[in-house]
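Taking it in order: structure first as structure tokens, then the write-up.
The values are calculated or read from the model by the stated rules, or taken from the named source; none is laboratory data. Just so it is clear, the structure is predicted and the values come from calculations on it, not from any experiment. Counting neighbours? That spans all protein chains shown, and the Cβs are built from the backbone with ideal geometry, glycine included. Areas reflect the complete protein model, heavy atoms only, side chains present, ligands, DNA and RNA absent. Shrake-Rupley method; radii C 1.70, N 1.55, O 1.52, S 1.80 Å.
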Amino acid sequence: MASENLHEALKPISWLAGRWVTEQGHGVFPNIKEFDYHEELEFICIGQPMFNFISVSRNPEKGTPMHQERGFLRINPGTNQLAFIVSHNFGLASLEEGQFDEEKKEIHLSTVNITRTSFAKPPYVKSFKREIKLLSPDTLQIVLYMETDNNPLTEHLKAIYTRKL
């Protein structure tokens with residue numbers, strides 16, 4: 001689902017464009033109760049060499065908001081290098097960098113820098129690792145790993161998304 005405004009540099013990852021929805025999101029991390037979530041993601045190009053990114057997750061039973069992210073997935077034109085700049089609604093901003101594999105339709109990102117509000121509460125997030133894979137033309141999988149002061153890099157979130165038309 002490529003947008004009419006898709007920048008030429010984004011063509012190798014054009015498969016990411018559009019709106020994606022999951023009702024199968026699952027979260028786990030040491031010292032917290034496992035949880036499920038519903039999430040909607042959107043990757044939109046407005047003609048620049050980047051996708052604008054929006055993510056909203058909700059509690060599957062109550063429908064109440066759980067987590068939100070806003071940001072930009074930038075491509076270094078002519079390369080397979082990506083930078084993902086994400087602002088989280090709990091007062092954290094992260095910069096992840098990595099690469100995409102055009103043939104496998106995969107993206108791998110790792111934290112380069114994290115900043116947080118002065119009144120953030122521990123344990124502090126130290127890093128993320130994000131894997132995005134196109135499983136079929138209308139199916140996307142995202143796995144997020146997280147490291148905190150108290151725990152090493154561990155799988156935290158995993159979800160299968162379907163393309164929403």
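General remarks:
- Extreme residue, farthest from residue 131 (Cα to Cα), among residues of the stretch 13-25 that are more than 14 Å from the chain's Cα centre (by Cα) and assigned to a strand (DSSP E or B): 23
- Within the stretch 44-61, considering residues that are of a type in the set (A, V, I, L, M, F, W, C) and not in a strand (DSSP E or B), the one most open to solvent (accessible area, probe 1.4 Å): 46
- Condition check for residue 61: more than 12 Å from the chain's Cα centre (by Cα) and farther than 20 Å from residue 27 by Cα: no
- Criterion violated by residue 48 - all others in (1) touching a strand residue (DSSP E or B) at 6+ places or on another chain (Cβ under 7 Å); (2) closer than 23 Å to residue 87 by Cβ satisfied: (1)
So that you can scan it fast, the table gives a plain yes or no per residue for (1) in contact with a Leu (Cβ under 6 Å, 6 or more places away or on another chain); (2) in contact (Cβ under 8 Å) with a residue 12 or more places away in the chain:
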residue: 113; (1), (2): yes, yes
residue: 118; (1), (2): no, no
residue: 124; (1), (2): no, yes
residue: 133; (1), (2): no, yes
residue: 138; (1), (2): no, yes
residue: 143; (1), (2): no, yes
residue: 153; (1), (2): no, yes
residue: 159; (1), (2): no, yes
residue: 163; (1), (2): no, yes
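- Hey, residue 162 in a strand (DSSP E or B), open to solvent by 70 Å² or more (accessible area, probe 1.4 Å), among the polar types (S, T, N, Q) and closer than 16 Å to residue 20 by Cα or not: yes
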